[in-house]
Amino acid sequence: MITRPESDYTLQPVPAICDTYKLSRDKKTWTFTLKENVMFSFGNVLITDWVQYERFYGAKDFVNLKKAVQTTMTISWIGGLILMVIALLIAKSVLRWMGTPENILQLSCTYIWICFAAIPFIMLYNFGCAILRAVGDTKRPMYYLIFAGIVNVLLNLFHTDFSTPFGRSK
């Protein structure tokens with residue numbers, strides 16, 4: 001709730017997740033100033049871009065909604081690529097720093113590199129699903145996650161040799 005009723009039963013609104021609020025002179029528009037670091041019940045920080053998507057979607061302003069979505073997805077893709085490259089470059093050093101034994105260092109690096117190669121796609125998924133949730137679509141993100149989980153299990157079955165404890169033997 002952006003506001004909550006006052007506890008003295010006057011039902012006057014008191015800011016809950018907003019610092020201030022005001023009603024326009026024509027009494028048609030409310031303006032809320034959100035508090036810093038507002039968290040959703042599941043622990044994610046409220047991002048004001050989501051409010052922008054909701055506003056464009058609600059106003060059926062699909063031109064600006066498309067621009068906002070394209071900008072967000074481009075930033076998430078580029079950010080994911082940058083994080084992936086950084087992670088790939090430092091993975092072996094970090095594994096050595098952690099004391100990974102030399103006999104499994106290369107296998108560990110391969111595993112970490114495979115995980116890090118997925119970062120751009122994870123970023124796209126997370127940002128894309130956040131946009132879908134912002135406009136009220138909570139079913140499709142769940143369907144995408146179910147599909148990805150099934151694909152993951154199938155790929156694990158086809159790409160894993162269970163004859164050794166660590167997968168494929170040499």
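Is it the case, given these coordinates, that residue 64 is over 22 Å from residue 148 (Cβ atoms), in a helix (DSSP H, G or I) and touching a Phe, Trp or Tyr at 6+ places or on another chain (Cβ under 7 Å)? When the stated conditions are applied, residue 64 passes them. No other residue among 120, 165 is modelled with pLDDT of 90 or more and under 29 Å from residue 90 (Cα atoms) apart from 120.
The values are calculated or read from the model by the stated rules, or taken from the named source; none is laboratory data. Quick caveat: nothing in here was measured; it's all calculated off a predicted structure. With ideal geometry, Cβ positions are generated from the backbone for all residues, glycine too; neighbour counts draw on all protein chains shown.
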